[in-house]
Amino acid sequence: MSETPAIDVMNVTHRYGATVALDGVTFSVPEGSICGLVGPNGAGKTTLLSIAATLMPPGGGQVEVMGHDVVVERSEVRKAIGYMPDFFGVYEDMKVWEYLDYFGAAYRLTPEVRRERIPGLLELVQLTGKHDDYVESLSRGMQQRLCLARTLIHDPRVLLLDEPAAGLDPRARVELRDLLRGLGEQGITILISSHVLADLADICTHVVVIEKGRLVSAGPLDDLIRMVTGYTRIRVRVTSSFERARRIVEGYPGVAEVAGAADELMVRFDGDDQAAAALLGRLVRGRVPVVEFTPEHDLEAAFLTVTKGEVT
Amino acid sequence: MTLLPVLMRELRSAMRGRRAMLALTAYLAILLIVALSVYAIAVSSQPADPSQTGESVGQALFVTLSILQAALVIILAPAFTANAISQEREQKTFDMLAVTLVEPTSIVVGKLAASLAYLAMCLVASLPVMSLAFLFGGVEPSALVEVFALQMLFALAFGALGLFFSSFVRRTLWSTVFSYVVIFVVVAVFPIVDTAVNALGSPDEFQPLLTYLNPFPLILSATTPEFADAMREQAFVPFTTVTPIVYAIVAVGLLVAAVHFVGPRKVKKRL
C-alpha cells in the first residue's frame, strides 16, 4: 500500500440551502487502501461520495482523485473511478451482457475490449451463467453484483461505493465482502460507506468517521481503535501447547489481559502492529503451533465512542 | 461527442418487444382509416367539372393526411422525450450514466435522436398511405418533401420541448404535463388570443402573429397553394420562412438548456 493519496479531500464544505451537509472536511485515502466511510444517517457520506464521483461540485474546498481535481479535470477523474450509488436502478429491458456493454461503450472502450472484458467481469461477480438473462430477472443481490461489475468495466483505480451491502441477505453480504477484499488485494483503492460496521471492520485498512458534516476521525483502522479503546484485541488459536502459549503471552510486555480456553486465547494488547508481530514471532520461536493470530477491530465500539449520534 | 451508446440503448429499448411494432401498426391503421374516409367523402361530393374529380380527391387526401400526421407528430414527440431524463432519475440510473465519459450533450442529443429516429420511421412507413394521393394527381412531389421536412422540424421542436422539461423537473408526470400545456397554448390558445385581439382592434391592420407560430398554418401552406397565396398577400412577415426558423432556434435553445440541467450542477428540490 502506498502512502500517496488516491483521494484527497481538502477543507470541503457543502450546503443544501440552509442545511450544512459538509463542514470543512479534510482527509486523504492512501492508494491501495480499503477505507470505510462511517457516520450516522445524514452525516454527509453520500454528499461526499457524490462530490468525489464528480456528480456535483463542492460548495467550497477541493477534492482530488488520483491527483486530478474533480471539478477541473472531471474526465480524468471519471476514467479513474468506479462509482456505485446508494440507491441504484438497472435498465430492466436489457440483457446482462448488454448492460455491461452499454457502460463499456459509455467509457469509450472499443467493442473488442468490451467483448474481452465482459466474461471476466461476470466470472468475478459470479454471474457467468446469467450472460443472456434480462437484468430484471436477477435477484437483488445479483443486481448488486452486476452493478459492481459495471463499476469495474473500465478498469478503474478507485472505487467509490455508497452502501453497497444495503438490502443484501447475509450470504450476499459475505460474497460482496470477499469480492471487495479481492479487489483490494489487486491494488484498487476503495472508499466504501456502510452501516454494517462489522463488515467494514473485516475488510477495511483505513476508516473515516464523519458526523454532522464534520470530520471526527480519519486514519488507519488500527490507530483509530487503539486511540479510542486504548488497546487491540488479538485472537490467537493454536493446535496444541496451549499452556505454553498462555505463559508466553502473559509474560509479554504490553499484554494487559489474557482470556480463553481449549485452543483459543483472546489477548488484550496495548501495542502497535510491530509489537504484535514481535509477539507472534515470540510464540513461533517458543514452538507454539499457531494457526491463527488475528487482531480484531471493534469498530462498533470505536464508532459509538467517537460519535455523538448527531445528524444535520 | 460519444453519441452512440445512448442512441443505441434507446433504439434497442424502443424496438424491443412487440410494443414498437404495435404502435407503428396502430399509427398506420389510423392513417389508413382516415384516408379511406376522406376518399369516400371526396368521391361522394364530386366537383362540377368531372375531369377534376381525381385531383380533388388527391388534394383532399394529401391535406388531411398531412395535417393528421403533423398532429400525431406533435402529440407523440413529447411523449417519447418527456420521460427521457426524468425517468432515468426516477429509476436511479442517471447517476451511473452521469459518471461515465458520456457528456451531457451526448445524453440529450442521443435521446432526442432516438425519438426522432422512431418518428422518422413512422413517417417513412406512412409513405405508401401518403402516396395514395399521387394516384389521383393534383399533388406535387415537392409538396410531399416540404411536408416531411416540416413534420421532422415539429418532431425536433416538440421533442426538444419534452426533453427540456424532462431535464428541468424531476418527475415524469410533471414533465409530461408541462410539455402538453405548452403545446396546448401554441396550438389552441394563441389563435384564440389573436381572434380576441382582432375583434377588439382594427381588422385592416391586424396581423395574427401568434397564430403564425401555430404549426398547422404552415402545413396548410405547404399542402394548399391557394392558402399559401392568400397568406402571402395578407401577411406582413413571410411566416412560411420565419416560423420554421423560429422553431429551429427555439429547439436549439431548449436543447442547450436541457444540456445545462443534465450537467453536474444538480438542484435537489425540483418537482
Query raised in the report: When only residues in the stretch A:280-295 that are under 16 Å from A:Gly254 (Cβ atoms) and either of a type in the set (Lys, Arg) or touching a residue at least 60 places away in the same chain (Cβ under 8 Å) (or both) count, which is least open to solvent (accessible area, probe 1.4 Å)?
Result: A:Pro295
Report summary line: Of all helices (runs of 4 or more DSSP H) fully inside the stretch B:49-115, the set with 3 or more residues that are within 21 Å of the chain's Cα centre (by Cα) is B:53-81
Requested in this report: Hey, could you check the stretch A:139-167 for residues that are open to solvent by 10 Å² or more (accessible area, probe 1.4 Å) and of a type in the set (Lys, Arg) and say which is modelled with the lowest pLDDT?
Outcome: A:Arg140
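Being touching a residue at least 40 places away in the same chain (Cβ under 8 Å) and out of contact with any helix residue (DSSP H, G or I) (no Cβ under 6 Å at 6 or more places or on another chain) is the filter; apply it to the stretch A:68-86 and report the residue that is farthest from the other protein chains (Cβ to nearest Cβ).
A:Ala80
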Report task. State the number of residues belonging to the stretch B:159-176 that are part of a helix (DSSP H, G or I) and open to solvent by 20 Å² or more (accessible area, probe 1.4 Å). Result -> 7
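Per-residue answers, yes or no, for (1) touching a residue at least 12 places away in the same chain (Cβ under 8 Å); (2) among the aromatic types (Phe, Trp, Tyr):
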| position | (1), (2) |
| --- | --- |
| B:Leu132 | yes, no |
| B:Phe136 | yes, yes |
| B:Val145 | no, no |
| B:Met152 | yes, no |
| B:Ala155 | yes, no |
| B:Phe158 | yes, yes |
| B:Leu161 | yes, no |
| B:Phe164 | yes, yes |
| B:Ser167 | yes, no |
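Restrict the check to the stretch B:211-231 and report whether at least one residue is touching a residue at least 40 places away in the same chain (Cβ under 8 Å) and outside any helix (DSSP H, G or I).
If we filter the stretch B:211-231 for residues that are touching a residue at least 40 places away in the same chain (Cβ under 8 Å), which is where we start, we get B:215-216, B:218-220, B:222-224.
Those still in the list that are outside any helix (DSSP H, G or I) too: B:224.
Yes - at least one qualifying residue is present in the stretch B:211-231.
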Requested in this report: Identify all residues within the stretch B:242-271 that are at pLDDT below 85 and either exposed (fewer than 12 other Cβ atoms within 10 Å of the Cβ) or assigned to a helix (DSSP H, G or I) (or both); write none if there are none.
Outcome: B:Arg265, B:Val267, B:Lys268, B:Lys269
Query raised in the report: Of (1) without any contact (Cβ under 8 Å) to a residue 40 or more places away in the chain; (2) more than 19 Å from B:Leu127 (Cβ to Cβ); (3) out of contact with any Lys or Arg (no Cβ under 7 Å at 6 or more places or on another chain), B:Thr64 satisfies all except one. Which?
Result: (2)
Report summary line: B:Val124 passes all but one of the listed conditions (1) among the aliphatic types (A, V, I, L, M); (2) more than 13 Å from chain A (Cβ to nearest Cβ); (3) open to solvent by less than 10 Å² (accessible area, probe 1.4 Å); the exception is number (3)
Query raised in the report: Within the bounds of the stretch A:243-256, is there any residue that is of a type in the set (Val, Ile, Thr), over 29 Å from the mean Cα position of the chain (by Cα) and not in a strand (DSSP E or B)?
Result: yes
Requested in this report: Would you check if there is a residue in the stretch B:64-71 being of a type in the set (A, V, I, L, M), over 30 Å from A:Pro85 (Cβ atoms) and crowded, with 21+ Cβ neighbours inside 10 Å?
Outcome: yes
Report task. Scan the stretch B:215-241 for residues that are of a type outside the set (A, V, I, L, M, F, W, C) and surrounded by fewer than 18 Cβ atoms within 10 Å (Cβ to Cβ) and report the count. Result -> 9
Report summary line: Considering residues that are in a helix (DSSP H, G or I) and either open to solvent by less than 10 Å² (accessible area, probe 1.4 Å) or farther than 30 Å from A:Gly24 by Cα (or both), the number found within the stretch A:196-224 is 3
Query - Single match in A:Val267, A:Val288 (criterion: within 22 Å of A:Thr205 (Cα to Cα), at pLDDT 85 or above and not in a helix (DSSP H, G or I)) - result: A:Val267
**Report entry** Members of the stretch A:230-268 that are under 30 Å from A:Pro5 (Cα atoms) and open to solvent by 40 Å² or more (accessible area, probe 1.4 Å)
**Finding:** A:Tyr231, A:Arg233
Query - strands (runs of 3 or more DSSP E) wholly inside the stretch A:1-71 containing at least 3 residues that are surrounded by fewer than 24 Cβ atoms within 10 Å (Cβ to Cβ) - result: A:5-16, A:19-30, A:60-65
Query raised in the report: Somewhere in the stretch A:20-42, is a residue within 13 Å of another protein chain (Cβ to nearest Cβ) and more than 17 Å from the chain's Cα centre (by Cα)?
Result: yes
**Report entry** Positions within the stretch A:114-159 being part of a helix (DSSP H, G or I), within 14 Å of chain B (Cβ to nearest Cβ) and not small (Gly, Ala, Ser), in sequence order
**Finding:** A:Arg114, A:Val135, A:Glu136, A:Arg140, A:Gln143, A:Gln144, A:Leu146, A:Cys147, A:Leu148, A:Arg150, A:Thr151, A:Leu152
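The values are calculated or read from the model by the stated rules, or taken from the named source; none is laboratory data. Small disclaimer: the values here were computed from a predicted structure and weren't measured. Note that we place each Cβ from the backbone using ideal geometry, even for glycine, and neighbour counts take in every protein chain shown. Heavy atoms of the whole protein, side chains included, go into the accessibility calculation; ligands, DNA and RNA do not. Shrake-Rupley method; radii C 1.70, N 1.55, O 1.52, S 1.80 Å.
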